[in-house]
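Following: one structure in structure tokens, then a few remarks.
The values are calculated or read from the model by the stated rules, or taken from the named source; none is laboratory data. Fair warning: this is a prediction, and the values are worked out from it, not measured in the lab. Here the Cβ is made from the backbone with ideal geometry for all residues, glycine too, and neighbour counts use every protein chain on show. Note: accessible area is taken over every heavy atom of the protein model, side chains too, but ligands, DNA and RNA are not part of it. Shrake-Rupley method; radii C 1.70, N 1.55, O 1.52, S 1.80 Å.
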Amino acid sequence: MSSEHSLRTRAVHAGRDDLTDLGLHAVPIDLSTTYPSRDSRGEAARLDVLGTGEQAPGMPVYARVGNPTVARFEEALAELEGCEAAVAFASGMAALTACLMAGVAAGRRHVVAWRPLYGTSDHLLGSGLLGTTVSWVTSLPEVQAALRDDTAFVIVETPANPTLGEVDLRALADVCGNVPLLVDNTFATPVLQRPVEFGAAIVLHSATKFLGGHSDVLAGVVACKEEHARVLRQMRFVAGSNLHPLSGYLLLRGLSTLPVRMAAASETAAVLAARLATHPAVSRVHYPGLTGGRPSGQLRGGGAILSFEVVGDPHAVIGAVRLITPAVSLGSTDTLLQHPGSLSHHVMAEEDREAAGISERLLRLSVGLEDAEDLWDDLDQALKA
Ligand code: PLP
């Protein structure tokens, strides 16, 4: 954090510190795709700098190079994650794609991936669509054995989608050595966990989820050192995977309520997880802290996502909820319930899902901001149905 203020305070003010001096209150949304200038030579010189991924003072010349509204979100997210820089993308998958392309461009085509990951991330790595190869791992010795000279990064989600499995980041970073550790921090957000404090080099978010917080923005972001951010900006420039300025605005607004949303939703999720654990229609609940054996001091609270295995038909439960929204995705103000085998992880082969511990009886609940008792009543009646 760049100031003496707490994360909750910085979540409100980061990316907006200059507004009062500018005589503004709401963040300006700059929708320009081009920036006029009569100084072509000057623009050419600036493009030479911007083309290296470095940021230059003044306007970005063209919208694919950058955008001032999006830059405010990037600055804020970098600060909250405790990183030098952040680069925003049109989606979480665009962000992961840029990370892979950066590896390929540097001659590092190999990735070590700790399962489970979000289904489409698993698919992107497993399919080799970008010319990369992957070694799947689920333990530290496997990571050690899988590392190669051409390994671009080690990727992990903790807590993981959809099993909420936790990985000890400090121990993993030690094993990674000089190979960058990429942590998908979508579930925890910087409110509950800042991976760089445990040795991660790259932090990735599907900003579509908690950062936006209202299910109305598709976005991704990578927080890292400025040196790596330059490469990612170059990738974004050639791929055109830029975040729209209106999305940048909504994300910055989302950050200001992130700490209070995470606190409220996590409190409710903990209540629901404890009750589900004793429900006769539920055979197993996955929620950080519900059972022992976790990395200590890493995650500040259990978070707003839980998953549970049902005794009966999971599809019947999805069909029976009335208050809860039966939908994929997560991190919204309303509570979302989905069947990973059918939706978020459907793209994976069934045997890969099994190997990753994703049971066909598993349901994932993203807890929102509704009253805990109302949510419990709905879950209980749906489970009985
Ligand atoms: N990472 C995680 C943990 C996710 O849950 C998702 C999407 O659900 C992604 C990455 C991909 O993000 P997006 O859908 O914004 O492309």
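Listed values, structure above:
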quantity	calculated
Where A95 falls short, out of the listed (1) within 11 Å of the ligand (Cβ to nearest atom); (2) under 20 Å from A356 (Cα atoms)	(2)
Among residues of the stretch 328-372, those that are under 18 Å from G212 (Cα atoms) and among the β-branched types (V, I, T), counted	4
V134 open to solvent by 30 Å² or more (accessible area, probe 1.4 Å), in the same structural domain as A14 (by TED's automatic domain parsing) and of a type in the set (A, V, I, L, M)	yes
Check on A171, farther than 14 Å from A356 by Cβ, surrounded by 23 or more Cβ atoms within 10 Å (Cβ to Cβ) and either of a type outside the set (V, I, T) or touching a Pro at 6+ places or on another chain (Cβ under 7 Å) (or both)	no
Candidate set: the stretch 75-92, residues that are crowded, with 24+ Cβ neighbours inside 10 Å and within 11 Å of the ligand (Cβ to nearest atom); chosen: the one farthest from T186 (Cα to Cα)	F89
Qualifying residue in the stretch 292-302 (condition: more than 25 Å from G213 (Cβ to Cβ), without any contact (Cβ under 8 Å) to a residue 24 or more places away in the chain and part of a helix (DSSP H, G or I))	no
Conditions (1) surrounded by fewer than 24 Cβ atoms within 10 Å (Cβ to Cβ); (2) under 23 Å from A229 (Cα atoms); (3) more than 10 Å from the ligand (Cβ to nearest atom): number failed by V183	(1)
Residue among V367, V328, V347 that is within 12 Å of the ligand (Cβ to nearest atom) and either within 16 Å of A270 (Cβ to Cβ) or in contact (Cβ under 8 Å) with a residue 24 or more places away in the chain (or both)	V347
Test: A63 is at pLDDT 95 or above, surrounded by fewer than 24 Cβ atoms within 10 Å (Cβ to Cβ) and more than 16 Å from the ligand (Cβ to nearest atom)	yes
Test: residue in the stretch 350-364 that is free of Cβ contacts under 8 Å to residues at least 60 places away in the same chain and over 19 Å from R115 (Cβ atoms)	yes
Residue that is away from the ligand (no atom under 16 Å from the Cβ), among the β-branched types (V, I, T), out of contact with any helix residue (DSSP H, G or I) (no Cβ under 8 Å at 6 or more places or on another chain) and not in a loop (DSSP other than H, G, I, E, B), where the choices are V175, V231, V238	V238
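Matching residues to (1) closer than 20 Å to L125 by Cα; (2) part of a helix (DSSP H, G or I); (3) open to solvent by 50 Å² or more (accessible area, probe 1.4 Å):
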| site | (1), (2), (3) |
| --- | --- |
| L306 | no, no, no |
| E309 | no, no, no |
| I318 | no, yes, no |
| S332 | no, no, no |
| H345 | yes, no, no |
| G357 | yes, no, no |
